[in-house]
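A short worksheet on the structure shown next.
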Amino acid sequence: MRTEIPKAGEIKQEWYLVDAKNKVLGRLATRIATILRGKNKPYFSPHLDTGDFVIVINAEKIKLTGNKSIQKIYARYSGYPGGLSKVPFKRMQEQKPEEIIIHAVKGMLPKNNLGRNLLKKLKVYTGSEHPHQAQKPITLSLDK
């Protein structure tokens, strides 16, 4: 038997809308990464972009379990001596709540050109408004 590999024109990409209100960050990020990757489709291929677009709204209302909301720290390094910046989760949630979801999903995607292209298909917004009404996104319920 041969494994069928889909051609670029045969891959149909949908738009999904996810509401992050009162969702746990890690569980939400794994479901989003699965959809971006295309692993929910029967013709998934690990070296092709078979995934869909994902719109996330209400990013500021994301939850963490346990004491992570107090203990979690986002660190980045500028490359210069003394250039380590640490931002606690609470401040990140107040200032840039979109970056929390993007950071979590980015860690679950491949670390190559394919992963960078997949991350461009993730659109995260604070509040319940988004500018992608023309794409007619399908509302996705992540509750099991």
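The values are calculated or read from the model by the stated rules, or taken from the named source; none is laboratory data. Because the structure is predicted, anything quoted here is derived from the model rather than measured. Because the Cβ atoms are built from the backbone with ideal geometry, glycine has one as well, and the counts that use them run over all protein chains shown.
Descriptive notes on the structure:
- Boolean, residue 90 is modelled with pLDDT of 95 or more, in contact with a strand residue (DSSP E or B) (Cβ under 9 Å, 6 or more places away or on another chain) and among the charged types (D, E, K, R): no
- Test result for residue 7, under 25 Å from residue 134 (Cα atoms), modelled with pLDDT under 95 and of a type in the set (Lys, Arg): no
- Selection count, the range 17-63, where residues are modelled with pLDDT of 95 or more, among the aromatic types (Phe, Trp, Tyr) and surrounded by fewer than 18 Cβ atoms within 10 Å (Cβ to Cβ): 0
- Close pairs (7 angstrom Cβ cut-off, 6 or more residues apart or separate chains): touching a residue at least 40 places away in the same chain (Cβ under 8 Å) in the range 35-63, of a type in the set (Val, Ile, Thr) and part of a loop (DSSP other than H, G, I, E, B) anywhere: 45/5; 50/11; 59/126; 60/126
- Selection within the range 6-22 - within 15 Å of residue 102 (Cβ to Cβ) and either not hydrophobic (A, V, I, L, M, F, W, C) or not in a loop (DSSP other than H, G, I, E, B) (or both): 18
- Test result for residue 128, assigned to a loop (DSSP other than H, G, I, E, B) and closer than 11 Å to residue 16 by Cα: no
Conditions tested, residue by residue: (1) among the aliphatic types (A, V, I, L, M); (2) over 14 Å from the mean Cα position of the chain (by Cα); (3) on the phi > 0 side of the Ramachandran plot.
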{"site": "43", "(1), (2), (3)": "no, yes, no"}
{"site": "51", "(1), (2), (3)": "no, no, no"}
{"site": "67", "(1), (2), (3)": "no, yes, no"}
{"site": "72", "(1), (2), (3)": "no, yes, no"}
{"site": "82", "(1), (2), (3)": "no, yes, yes"}
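- Filter result (in a loop (DSSP other than H, G, I, E, B), under 10 Å from the mean Cα position of the chain (by Cα) and touching a residue at least 24 places away in the same chain (Cβ under 8 Å)) within the range 108-125: 108, 109, 121
Residues are listed down the side, and each one gets a yes or a no for (1) touching a helix residue (DSSP H, G or I) at 6+ places or on another chain (Cβ under 7 Å); (2) surrounded by fewer than 16 Cβ atoms within 10 Å (Cβ to Cβ); (3) under 19 Å from residue 39 (Cβ atoms):
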residue: 65; (1), (2), (3): no, yes, no
residue: 72; (1), (2), (3): yes, no, no
residue: 78; (1), (2), (3): no, yes, no
residue: 82; (1), (2), (3): no, yes, no
residue: 92; (1), (2), (3): yes, no, no
residue: 99; (1), (2), (3): yes, no, no
residue: 103; (1), (2), (3): no, yes, no
residue: 107; (1), (2), (3): no, yes, yes
residue: 122; (1), (2), (3): yes, no, yes
